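Inspection log for the structure reproduced underneath, given as structure tokens.
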Amino acid sequence: MNTPAFSQRRALMGWGLLGALPLSWAQTAGYPSRPVRMVVPFPPGGPTDVLARIVASKLGERFGQAFAIDNKAGSSGMMGSADVAKAVPDGYTLLGNASIHVINPSLYPKIAFDASADFTPITQLAHVPLILVVNNDLPVRSVKELIAYAKANPGKLNFASSGNAAAPHLAGESFKLATGIDMQHVPYKGSSPALTDLIGGQVQLMFDSMPSAMPFVKAGKLRPLAVTTARRSLAVPDLATVAEAGVPGYDISTWYGLWGPKGLPKEVADKLANEVARILKLPDVKERYAALGAEPVGNSPEEFAAYCKSELLKWAKVVKDSGAKAD
């Protein structure tokens, strides 16, 4: 039976297998010689789309070939990922995805692909803290006040997320476990509708990716309480971490990366990784990423593969401890 535990074992066996089906030297040396499709398995405008689109535009400028974003949303990112898993491993179909890619194996007993063995890790685009934001009418201005309010009003707080078992949901469940508070989870189909209801007061708080939440924070429509990583975010250095604010050891974040299908030639993976690393150092890209709260990474395929493996283990534990379930 293909259980979540079995999926995790298969996934762990697959990370780092960067071997390639042979393509000629001329094919890899001349890559890319035609437009490249970059599948983003979420709707336009979300953090995965925005961060991938910035890099895709620069890749197109560098290589003189379009790197076109193809938004194929659905099934917690798995619909678009399945499309890439079946693609010819020639570098002309890529996947720009978020950390949900390594969370899904712990949540779904049956997936149409192996989230690690069917993909070639290329590079990590960015590391992004989540940010804890609350409705402006909620009478709290710090994490400690939020915890006190929740304990005084058990079960009366509703926290939104971009979907069941996505990083924002798991961040909320981890917060509940760490603080002993009682609050209800309200899943949405993406960050945008969740943030709309948070601003409107239908829900009271949310752990969300900084790229999607920060515009509303800057506009004064939401009140930020803390970031979820172990260290403060460069984008909001004056904002405390959840750990600093009274929940020791709390460290949750999301991240974004680039994959190809299984068997992508190492020369192509290296070429893309090196170019993305260069792009992420460009002043205008760093500025655009920073405005979204994203910290550029740009590591090697081997480093990214090892990171994916460690993250799969971490999120498997979070899923198990929180009891989170998929839709």
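Structure notes:
- The single condition from (1) farther than 21 Å from Ala291 by Cβ; (2) surrounded by fewer than 16 Cβ atoms within 10 Å (Cβ to Cβ) that Pro237 fails is (1).
- Selection of region 84-123 for residues being more than 20 Å from Pro265 (Cβ to Cβ) and outside any loop (DSSP other than H, G, I, E, B) yields Asn97, Ala98, Ile100, His101, Val102, Ile103, Asn104, Pro105, Ser106.
- Residue count, region 268-285 (criterion: in a helix (DSSP H, G or I) and either out of contact with any strand residue (DSSP E or B) (no Cβ under 8 Å at 6 or more places or on another chain) or modelled with pLDDT under 95 (or both)): 8
- Near pairs, Cβ below 9 angstrom, 6+ apart or cross-chain, from region 24-37 (in the same structural domain as Pro89 (by TED's automatic domain parsing) and of a type outside the set (Ser, Thr, Tyr)) to any residue that is exposed (fewer than 10 other Cβ atoms within 10 Å of the Cβ) and at pLDDT 75 or above: Pro32/Gly64
- Pro139, sole failed condition from (1) modelled with pLDDT of 95 or more; (2) part of a strand (DSSP E or B): (2)
- Pairs where the first residue, in region 266-281, is free of Cβ contacts under 8 Å to residues at least 40 places away in the same chain and the second is surrounded by 22 or more Cβ atoms within 10 Å (Cβ to Cβ), C-beta under 6 Å, 6+ apart: none
- Residue within region 94-106 that is surrounded by fewer than 19 Cβ atoms within 10 Å (Cβ to Cβ) and touching a residue at least 24 places away in the same chain (Cβ under 8 Å) present: no
- Any hit, region 121-135, residues being touching an Asp or Glu at 6+ places or on another chain (Cβ under 9 Å) and surrounded by fewer than 21 Cβ atoms within 10 Å (Cβ to Cβ): yes
- Residue in region 164-181 that is of a type outside the set (A, V, I, L, M, F, W, C), within 29 Å of Asp49 (Cβ to Cβ) and assigned to a strand (DSSP E or B) present: no
A quick yes/no check of all residues on (1) free of Cβ contacts under 8 Å to residues at least 12 places away in the same chain; (2) at negative phi:
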| position | (1), (2) |
| --- | --- |
| Ser142 | no, yes |
| Glu145 | yes, yes |
| Ala150 | no, yes |
| Gly155 | no, no |
| Asn158 | no, yes |
| Ser161 | no, yes |
| Ala167 | no, yes |
| Gly172 | no, yes |
| Ser191 | no, yes |
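- Residue, surrounded by the fewest Cβ atoms within 10 Å (Cβ to Cβ), within region 259-302, restricted to residues that are under 21 Å from Ser233 (Cα atoms) and of a type in the set (Lys, Arg): Lys281
- For the residues Val36, Val55, the requirement of being modelled with pLDDT of 95 or more, out of contact with any Phe, Trp or Tyr (no Cβ under 7 Å at 6 or more places or on another chain) and within 20 Å of Pro121 (Cβ to Cβ) singles out Val55.
The values are calculated or read from the model by the stated rules, or taken from the named source; none is laboratory data. Just so it is clear, the model here is predicted, and its values are computed rather than measured. Here the Cβ is made from the backbone with ideal geometry for all residues, glycine too, and neighbour counts use every protein chain on show.
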